[in-house]
Amino acid sequence: MSESTSHDRMLFNRAAFLAGGAATITAALPERSRGATSAPAGVTPERLLGRLMAGNKRFIDNDFPNVNRFAEKRELLEASQAPFAAILGCSDSRVIPNLVFVQGIGDLFVARVAGNVPDDLVIASLEYSVEHLGTRLIMVLGHEGCGAVKAVYSAVETNTSLPPHLAEIQRLMAPGIAGVVKARGTEDAAVEANVRAAVAKLRTSPPVIASGAVSGRLLVVGGVYRLRTGEVRLVE
Ligand SMILES: [Zn+2]
């Protein structure tokens, strides 16, 4: 083992220790996945969801970690990353995944797009996280008061088209919320329906995410963020 490799391994093992993982697991892993220390193979995706939601509880309670650890994490993660969860969130300035779940550098792989709709680029990003970084939990995170959902709701209701390039968001989102609009449901109901549609689309997106979801190796869930309280409520 070269000196640099030995040093790298020491850093990885230290990262595993800090992440609560087992250093022995990381030593046995191949180069590509050695960084997967924050989600060792024995930890179920359901436990990872518990870890994510525990972070949200901290956010609600305004319980933030010591930011001095950021510098340490930067060093530990210089050569590798192993985010334990991937988030598909909205671009809304008030819904910031790493804050909402009180997670630091290297913990979350995040794709954000207005209305949290999964197009091919978003799916490709999430696939990368699952396939190459070992992520075994994906959460689609919608939120109350979503401007994109409001705009598409209104366009569907009035049978009009949003201008380019918003029309692309409408094309992706409209099928998922059409039932709510037809039933004259609330915008909050449309937000939920949009999250459900995104979760369903991801769960059936081959090859990477669908196969992971079918095997149980990957959990895909939805959540809705409450603007006032900071709470994320899981959506079934
Ligand atoms: Zn939004």
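Give the distance, in whole Å, between the Cα centre of the stretch 71-89 and the Cα centre of the stretch 180-236. Here the two parts' Cα centres lie 24 Å apart.
Among C90, C146, what is the fewest-to-most ranking by other Cβ atoms within 10 Å?
On the way: C90 25, C146 28.
Taking fewest neighbouring Cβ atoms as first place, the list is C90, C146.
If we count other beta carbons within 10 Å of each Cβ, what is the order of E46, E231, E144, E192, fewest first?
On the way: E46 13, E231 16, E144 19, E192 23.
Fewest to most other Cβ atoms nearby, the residues stand as E46, E231, E144, E192.
When you restrict to C-alpha pairs under 8 Å that are six or more residues apart and normalise by the size of the stretch 42-235, the relative contact order lands at 24 percent.
Projecting the Cα atoms of I138, A86, V180 onto the dipole axis of the stretch 42-235, where Lys and Arg carry +1 and Asp and Glu carry -1 at the beta carbon, places V180 farthest toward the positive end.
Can you return the lysines within cross-link range of K201? Criterion is Cα-Cα under 29 Å, with same-chain partners fewer than 8 residues away left out. Within the straight-line limit of under 29 Å, K201 reaches these lysines: K57, K150, K182. All Cα-Cα distances of the stretch 92-226, cut into 10 Å bins from zero to the largest, leave 12, 42, 33, 12, 1 percent in each bin in turn.
Read-outs: derived from the displayed coordinates by stated rules, not from any lab. Keep in mind that what you see is a predicted model, and the values were worked out from it rather than measured. All Cβ positions, glycine included, derive from the backbone under ideal geometry; neighbour counts span all protein chains shown.
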